[in-house]
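Note sheet for the following structure.
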Amino acid sequence: MATNWQQTEEMDKFLETYKLLRQNQEEIDNLNRPITSSEIELVIKKKLTANKSSGTDGFIVEFYQTHEELILNLLKLFQKVKEE
């Protein structure tokens, strides 16, 4: 049975065969920072295309744009997901 160290070494060898993009520390920090309500609002109001579903929930963009109280609920959801 392979040890954790051997498995890690095998995984490293496998990953070395691919040209994976690497992030610098600033990019990593930016990806790990909290999402703000203003960012959620910006995406809902400005970035989503009308008459399209924004994801697997099946709701069209106008639903999110009409129900602004969803922004706070989405913010809480994103924070909870990040904690877990």
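Values in this text are rule-based calculations from the coordinates and carry no lab data. Bear in mind that the values here come from a model prediction, so they are computed numbers and not experimental data. Methodologically, a virtual Cβ is constructed for each residue, glycine included, from the backbone with ideal geometry; neighbour enumeration extends over all protein chains shown.
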Task: region 63-84, residues that are under 16 Å from Ser38 (Cβ atoms) and charged (D, E, K, R) - done: Glu68, Glu69, Lys76
- [ ] Determine the pairs where a residue that is surrounded by 16 or more Cβ atoms within 10 Å (Cβ to Cβ), located within region 59-76, has a partner that is aromatic (Phe, Trp, Tyr) and not in a helix (DSSP H, G or I) with Cβ atoms under 6 Å apart, the partner being 6 or more residues away or on another chain.
- [x] none
